[in-house]
Amino acid sequence: MDPRRFAIEWVSSAEAPRFAEVVTKFTEQIKELGPNPLKKKVAAAA
């Protein structure tokens, strides 16, 4: 597993703007990484 595909962040329920920022940043990072290479291996094994 690529550690760049996982994230742990603490966001309080009172921090809606921060939640949006964290999710947006992580989504951009995942898009830059491209498709998950392990997904192809799992599909081929099934």
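Every number here is computed from the coordinates shown, using simple stated rules; none is lab data. Everything numeric in this text was worked out from a predicted model, so none of it was measured. Every residue, glycine as well, gets a Cβ built from its backbone with ideal geometry; the counts of neighbours run over all protein chains shown.
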Could you check the spin-label model distance between Thr27 and Ser13? Points 7 Å from the Cα along Cα→Cβ, value in nm. 2.3
Viscosity 0.692 mPa s, temperature 37 °C: what is the translational diffusion coefficient of the chain from Stokes-Einstein with a Kirkwood Rh over Cα pairs, rounded to a whole number of µm²/s? 264
Karplus ³J(HN,Hα) for the stretch 3-20 (6.51 cos²θ - 1.76 cosθ + 1.60, θ = phi - 60°; Hz, whole; x = Gly/Pro) runs x, 6, 8, 10, 8, 10, 9, 9, 9, 6, 5, 8, 10, 4, x, 5, 4, 4
Lys/Arg Cβ at +1, Asp/Glu Cβ at -1, dipole of the chain taken about the Cα centre: which of Pro3, Val23, Ser13 is farthest positive-ward? Pro3
